[in-house]
Every structure is written in structure tokens, then in C-alpha cells.
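What follows is calculated from the coordinates using simple rules that are stated; it is not laboratory data. This structure is a prediction, so every number in the text was calculated from the model and none was measured. Cβ: placed from backbone, ideal geometry, glycine included. Neighbour counts: every protein chain shown.
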Amino acid sequence: MAGIDTRIGPRDMDSCIQYEMVGVETEERFTEFFLGREKAPGGYIWCFPKGKDIANVGIGVNGSFMRDGGEPLRLLDRFISENDRFRNGTITEINAGGVSVSLPPDRTVADSFLAVGDAARMVDPLTGGGVYNGCFAAIQAADAIHDALERRDTSERGLETYERGWRAGLESEMVRNYLAKEKLLEMSDEILDKVIEAISGYDLSEISTEELLKAVGARYPEVLTDIIG
Ligand SMILES: Cc1cc2nc3c(=O)[nH]c(=O)nc-3n(C[C@H](O)[C@H](O)[C@H](O)COP(=O)(O)OP(=O)(O)OC[C@H]3O[C@@H](n4cnc5c(N)ncnc54)[C@H](O)[C@@H]3O)c2cc1C
């Protein structure tokens with residue numbers, strides 16, 4: 001209705017389902033990611049601890065790998081039933097939904113209209129995390145709306161500070177992470193294993209994309225070429 005096209009294809013959308021579980025064994029200080037084509041095609045299974053024996057345990061499957069309806073649910077249930085740490089836990093909450101893993105749309109403002117968060121496809125395309133980006137953009141939106149109302153100009157041009165503000169903070173990382181996601185979708189489990197093995201044996205001075213790539217390059221130069229082309 002606002003003239004902003006937010007439609008995307010299956011490759012740019014993950015289908016996700018998550019249980020909050022109690023009575024599970026967590027790594028309290030760590031978030032865990034379980035990767036692999038068999039486990040979570042084009043995505044990952046996660047365990048995000050929320051306390052001693054409470055965690056969000058969920059899965060995201062990329063739309064381009066989806067064969068039939070309900071697949072993420074079946075894969076998550078299989079993972080839980082095969083894992084001693086989760087099998088005896090109790091599900092206390094269920095959340096499910098689509099998570100965009102796309103580039104942001106070309107425009108997010110129109111006359112008297114602005115789109116924020118998931119409505120503007122602002123999720124980080126590599127991790128599927130959308131809370132931080134949504135909150136960051138919401139602050140920009142509040143400032144822009146306040147200014148526009150003071151100037152009595154809520155036209156598309158009057159809201160332009162929002163468009164510029166959120167893009168300055170988020171867009172370059174989103175584009176970089178989108179390209180990384182595209183690479184990951186093509187990566188075999190064997191290459192993924194090599195990447196993880198290289199990282200585990202490397203003394204990382206910090207967790208950053210650059211440091212991770214250095215670690216991979218030092219151990220497997222041919223894999224690095226595969227990743228960055
Ligand atoms: C299973 C799952 C797990 C996730 N885990 C994480 C995570 O661990 N970390 C993370 O960063 N992100 C996570 N995400 C993504 C994250 O939830 C979203 O990116 C984030 O909630 C987006 O916030 P939002 O305010 O833009 O949209 P939403 O949270 O979708 O809020 C939009 C609100 O608008 C309401 N609404 C819709 N239409 C109307 C209407 N016409 N009138 C009035 N109200 C309306 C909706 O009911 C909703 O409450 C996850 C997503 C899923 C599906």
C-alpha cells in the first residue's frame with residue numbers, strides 16, 4: 001500500500017521454530033550452534049541458555065532447501081530426541097515464524113510512512129538475529145518522526161533522515177553478511193568442518209570476521225579461496 005516492495009524469494013527466507021525448554025543441560029556461558037545439511041539445511045539449530053537449566057532451543061531452515069511443510073519442526077524434534085542433554089526437558093513455550101535473510105529493500109520511507117525492523121527486512125542475513133537491528137532502527141525512526149513533526153513535514157523527503165540514519169549504522173554489515181550467507185548456502189559439510197577445525201586450533205585475538213578468515217587461511221588456504229572467491 002505504501003509502494004514499497006518487500007517480497008522476497010525462498011532463498012532469502014528461513015523458516016524457524018523455537019522451544020523454550022526447562023530441565024535441559026546448557027552450557028551456561030555459551031550460545032551453541034549446530035550446523036550441517038542433515039541437521040538444519042541452509043541454517044542451524046541453536047541452544048541459547050537463559051539460566052542454569054533453561055534455554056531457547058530452535059531451528060532455522062533455509063526456504064530453498066525446504067521439501068515439504070513442517071520440516072523444521074520434524075528436524076528440531078529429531079535433534080532433541082537424539083540428544084541426551086535435551087531429551088528429558090519440558091517445553092514451556094513455542095515460537096515460530098519466517099525470518100528474512102535478505103538484503104534490505106531499496107526504500108523504507110514513503111509519504112507519512114516508514115518501515116522498521118522485520119517489516120523492513122532488517123534482520124542480519126547471516127545470523128537471523130533481528131532484535132538488535134530492529135531496536136537500532138527504531139531509535140532512528142523515533143528521532144526522524146520527532147524532527148519531521150516539528151518541521152511539519154512528514155513527506156517522504158521529510159523522513160529521509162531515517163532512511164540515511166539506519167542505513168549508516170546497519171547497511172554495510174548487512175550486505176557483507178548477506179554475501180557470507182550466500183557462500184554458506186553453497187558450502188558442503190566437509191568444507192564447514194574444515195573451517196571449524198581451523199578456527200578451533202587458532203589463537204584468536206578477537207572474534208571478528210577478519211580474524212576468522214585469517215585462521216582459515218593459515219590452515220587451509222584453498223578453503224579461504226573457496227569462501228572469498
Ligand atoms: C523462532 C524465532 C526465533 C528468533 N530468535 C531470535 C534471537 O534469538 N535473536 C534475535 O535477535 N532475533 C531472533 N528472531 C528474530 C526476531 O524475533 C525479530 O527479528 C524481531 O522480533 C523483529 O521485531 P519487530 O518489532 O520488527 O517485529 P515483530 O516482533 O514481529 O513485532 C511486530 C508486532 O506488530 C504486531 N502487528 C502486526 N500487524 C499489526 C497490525 N495490523 N496492527 C497492530 N499490530 C500489528 C504483531 O503482532 C507484532 O507484535 C527470531 C525469530 C523467530 C521466528
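Projecting the Cα positions of LEU179, ILE94, PHE34 onto the charge dipole of the chain (unit charges on Cβ atoms of Lys, Arg, Asp and Glu, taken about the Cα centre) puts ILE94 furthest along the positive direction. Footprinting exposure proxy ranking of GLU160, GLU222, fewest other C-beta atoms within 10 angstrom first, gives GLU222, GLU160.
In the structure shown, the pairs LYS52/LYS183; LYS52/LYS181; LYS52/LYS194; LYS52/LYS214; LYS39/LYS183 are assessed against 27 Å; a Cα-Cα span above that value is assigned to LYS52/LYS183; LYS52/LYS181; LYS52/LYS194; LYS52/LYS214. Once the Cβ-Cβ distance of ASP53 and ALA96 is raised to the sixth power relative to R0 = 22 Å, the FRET efficiency obtained is 0.45. As a rough footprinting exposure proxy, the listed residues VAL22, VAL223 were ranked by other beta carbons within 10 Å of their own, and the order from fewest upward is VAL22, VAL223.
Calculated mean residue ellipticity at 222 nm for the chain: -13000 deg cm²/dmol, from DSSP H runs with n ≥ 4 weighted as -39500 (n - 2.57), summed, divided by the residue count and rounded to 500. Segment ARG67..ILE139, full-extension length gain: 22.0 nm, with 0.36 nm per residue of separation and the alpha-carbon distance subtracted.
Counting neighbouring Cβ atoms within 10 Å and putting the fewest first, the residues TYR19, TYR202 line up as TYR202, TYR19. For the chain, hydrophobic long helices are taken as DSSP H runs at least 24 Å long by C-alpha position along their axis with mean Kyte-Doolittle hydropathy of 0.0 or more; these are 131-150.
Were the residues from ILE8 through ASP203 laid out at 0.36 nm apart, the gain over their Cα-Cα distance would be 66.3 nm. Kirkwood-type hydrodynamic radius, the stretch 10-100: 13.1 Å, calculated from all non-identical alpha-carbon pairs.
Annotation: peptides 8-16, 58-66, ranked by per-residue average of other Cβ atoms within 10 Å with the highest first, follow the order 58-66, 8-16. Note on GLU27 and LEU185: with the Förster distance fixed at 30 Å, the Cβ-Cβ geometry gives a FRET efficiency of about 0.65. Each Lys or Arg adds one and each Asp or Glu subtracts one; over the other residues with Cβ under 11 Å from the Cβ of GLY51, this totals -1.
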